[in-house]
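A short write-up of the structure that comes next.
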């Protein structure tokens with residue numbers, strides 16, 4: 001599975017580097033999702049936000065496959081759903097206890113195959129007890145995969161956007 005995701009990511013990057021005339025349209029034709037699959041993947045951005053804002057880390061962890069990996073904004077890696085749950089539970093019981101996340105938009109959604117999608121979301125977060133009154137901007141990238149009829153996160157990364165960047 002890791003090899004499949006790595007190859008899918010490489011194909012996406014190669015496709016992004018080409019313009020449509022160079023690729024012969026192959027990138028666009030590679031994976032045509034159903035309207036339902038597209039809606040389910042887009043909904044993930046808002047399900048993530050909802051679980052975060054309720055500080056319901058059980059619901060949050062259930063957005064991930066058992067073998068998922070998450071790189072948090074400081075660069076740490078949580079491997080497996082239990083680690084993702086424990087890491088988020090700890091911060092939501094302390095300095096993220098009163099945070100609120102707001103999705104600002106879906107920047108990208110690409111289906112790499114009928115069962116693998118790349119989702120990039122722009123969001124803001126306020127309420128960090130360590131930084132009262134500040135709103136932080138984030139860019140979250142996620143690879144979702146469909147298994148047994150459920151689209152869940154298999155790989156993800158959250159990056160805090162520096163003040164001088166868009």
**Request:** Whole Å is fine, so just give me how far the alpha carbon centre of the stretch 99-124 lies from that of the stretch 27-90.
**Result:** 10 Å
**Request:** Taking 7 Å along the Cα-to-C-beta vector as the label spot, tell me the residue 77-residue 43 distance in nanometres, rounded to one decimal.
**Result:** 3.2 nm
**Message:** Once R0 is set to 41 Å, what does the formula 1/(1 + (r/R0)^6) return for the Cβ-Cβ distance between residue 53 and residue 32, expressed as a FRET efficiency to the nearest 0.05?
**Reply:** 0.80
**Item:** Projected label distance in nm at residue 93 and residue 130, using a 7 Å step from Cα toward the beta-carbon
**Value:** 1.8 nm
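Every number here is computed from the coordinates shown, using simple stated rules; none is lab data. These numbers come from a predicted model, not from an experiment. With ideal geometry, Cβ positions are generated from the backbone for all residues, glycine too; neighbour counts draw on all protein chains shown.
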